[in-house]
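To keep things clear, I will list the structure first and then write my remarks on it.
The values are calculated or read from the model by the stated rules, or taken from the named source; none is laboratory data. No experiment lies behind these values; they were computed from the predicted model shown. Here the Cβ positions follow ideal geometry from the backbone for every residue, glycine too, while neighbour counts run over all protein chains shown. Only protein heavy atoms, including side chains, enter the accessible area calculation; ligands, DNA and RNA are left aside. Shrake-Rupley method; radii C 1.70, N 1.55, O 1.52, S 1.80 Å.
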Amino acid sequence: MNVVVVTPNAADHSLAAGFLREEGIHSRRCATLGEAIPLVGPGMGCLVIVEEALVDADIDAFHAALQAQAPWSDLPLLLIGGHQSALGDLFQGLFPHSGNVTLLQRPIHPVSLVSSVKVALRARMRQLEVRDLLAQREQAVRQRDEFLAMLAHELRNPLAPIRNAVYLMGTMDNEDKLFLKCRTMIDKQARHITRMVDDLLDVSRLELGKVELRLQRVDLSESAAAALDSCSSAIIGQKHKVNASLPEPGPFVRADPVRLEQAICNLIQNAVKFTPEGGHIDIEVAGEGGKAVLSVADNGVGIHPEMLESVFDLFTQDSVTLARTKGGLGIGLTLVKRLVELHGGTISASSEGLGAGSRFEVRLPIDSSAEEFVQAPPAKAEDRRKRVLVIEDGGDTRESLGLLLSTWHHEVLFAGSGPEGLDRAREERPDVAIIDIGLPGLDGYQVASRIRREGSEWSKHVTLIALTGYGQANDRARALDAGFDVHVLKPVDPAELRTLLAS
């Protein structure tokens with residue numbers, strides 16, 4: 001690392017450079033502060049500035065260079081001047097916000113100069129170590145996100161035919177109790193795995209700030225009721241008794257209704273999971289002190305006092321309360337905290353201890369505006385026979401999807417690769433094409449963009465649905481840019497797919 005000495009006097013630098021050279025420290029001279037400004041960066045170990053070099057013409061640009069440093073960087077400055085009090089006034093005037101300035105008074109003893117430079121260089125080395133650690137962390141986060149995206153894709157692919165098969169089993173006229181029990185079990189566990197995959201990716205996106213909220217005026221009681229309804233099967237399965245106090249109307253908050261319901265649902269699922277069968281769960285919504293308050297309490301296993309502060313940390317699980325038989329990845333409460341804070345709210349946990357149940361309380365700012373949102377009732381979906389091309393290289397996914405579409409009386413065409421799918425699309429001109437992204441030969445993006453570039457009336461109006469295991473925000477944006485109308489994640493809910501086709 002270079003030591004840069006800013007002095008208009010070449011003789012002063014020559015003398016100082018000799019002292020530093022004896023200690024193995026290289027230095028270079030800049031006659032003015034303006035000459036030194038382009039050198040400010042990771043390669044500069046410290047900057048030694050004599051009082052005479054501090055001219056007004058360069059000060060603003062120098063401050064701008066210091067402000068432009070990376071967050072980890074705080075370049076050490078050694079300021080050399082005359083009288084002590086005048087030097088202090090100079091420091092306060094020029095560097096009021098810098099804590100990394102060392103004041104040296106003339107005449108300077110060589111030992112003092114060398115010692116101060118060594119201290120500055122050691123500090124700079126620590127900063128560079130922090131830089132390297134941050135870079136390693138960023139690389140680790142990128143690798144983690146790439147792994148999670150691939151993991152999600154690989155898990156969603158086999159889940160897709162499982163969900164399709166379970167749906168088809170539900171359309172069968174079979175009242176055999178064992179058949180019905182097995183179908184219910186498979187459906188429950190497939191949904192559970194899907195939920196874990198989604199939560200894991202959501203936490204990653206929230207940590208990186210990649211989740212955008214679609215805010216509107218939301219009734220907190222309605223969101224809580226919708227979340228409770230989503231968790232009803234799990235509640236019934238555990239034979240829990242739920243007491244819900246949800247005033248109508250409830251307090252209004254400014255929130256993304258989907259994300260708010262997701263957070264509340266995770267809190268309810270947490271209560272369901274860690275409350276023994278037949279337990280009690282209390283859900284309450286109220287307004288208090290300008291805040292909308294939602295609480296979820298249970299009489300379950302409770303939280304160890306030492307865990308109350310860390311229960312929202314990623315991958316944290318209490319070795320006692322969060323027994324491995326309960327499953328989960330330790331991310332549900334982390335996701336809730338991130339979502340609540342993204343809405344400008346807070347969440348807290350309380351418990352009297354092990355076996356005494358737990359209580360989670362969410363506080364959100366009340367939206368006191370008079371703005372009203374009236375949601376039009378959804379149009380009733382009606383099945384109209386369509387020609388649907390399925391381009392999917394996974395045999396089970398392709399076949400199960402074809403069975404679903406046939407059940408809804410659509411004409412189904414198949415292709416197992418990108419080139420084959422493109423040829424069939426051009427020949428058959430379907431009404432809808434459901435296209436996987438990870439296809440051999442040509443990927444789904446290429447297939448969609450080539451169809452749109454055909455320029456015919458058919459290519460402009462055919463509905464292109466991306467059905468894929470890749471669910472990052474940039475995956476969705478890339479799909480829309482390629483010409484897809486809709487980006488749908490595997491495993492798609494058959495009811496959702498049916499609605500898409502009917503619209």
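Okay, here's what the table says:
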| read-out | value |
| --- | --- |
| GluC sites (Glu not before Pro) restricted to the stretch 126-176 and DSSP loop, no more than 11 other C-beta within 10 Å | E175 |
| Loop-located trypsin sites (Lys or Arg not before Pro) in the stretch 208-304 whose Cβ has at most 10 other Cβ within 10 Å (DSSP) | R214, K239 |
| Charge dipole (debye, nearest 20) of the chain; +1 at Cβ of Lys and Arg, -1 at Cβ of Asp and Glu | 740 debye |
| Stretch gain in nm, segment Q238-A356, where the contour uses 0.36 nm per residue and the Cα spacing is subtracted | 40.6 nm |
| Accessible area (Å², 1.4 Å probe, nearest 10) - K386 | 20 Å² |
| Percent carbon-and-sulfur accessible area, the chain, ignoring ligands, DNA and RNA, probe 1.4 Å | 52 percent |
| Cα centroid separation, the stretch 418-489 to the stretch 258-316 (Å) | 42 Å |
| Mean ellipticity per residue at 222 nm, deg cm²/dmol - from DSSP H runs of n ≥ 4 across the chain, formula -39500 (n - 2.57) | -15000 deg cm²/dmol |
| Potential extension, R142-I108 segment - 0.36 nm per residue separation minus Cα distance | 7.3 nm |
| Heavy atoms of W72 accessible to a 1.4 Å probe, total area in Å² rounded to 10 | 50 Å² |
| Listed values (1) 203; (2) 224; (3) 249, entry calculated as volume of the Cα convex hull per residue in Å³ | (3) |
| Extreme residue, positive dipole direction of the chain, given options L215, A10, N270 (C-beta unit charges) | N270 |
| Exposure rank, largest accessible area first [M44, M307, M125; 1.4 Å] | M125, M307, M44 |
| Entries of K241/K273; K181/K239; K386/K460; K177/K490; K188/K490; K273/K337 with Cα pairs more than 21 Å apart | K177/K490 |
| Per residue accessible area of the chain, 1.4 Å probe, in Å² | 51 Å² |
| Cleavage-rule hits (trypsin sites (Lys or Arg not before Pro)) in the stretch 450-503: DSSP loop, at most 15 neighbouring Cβ within 10 angstrom | R453 |
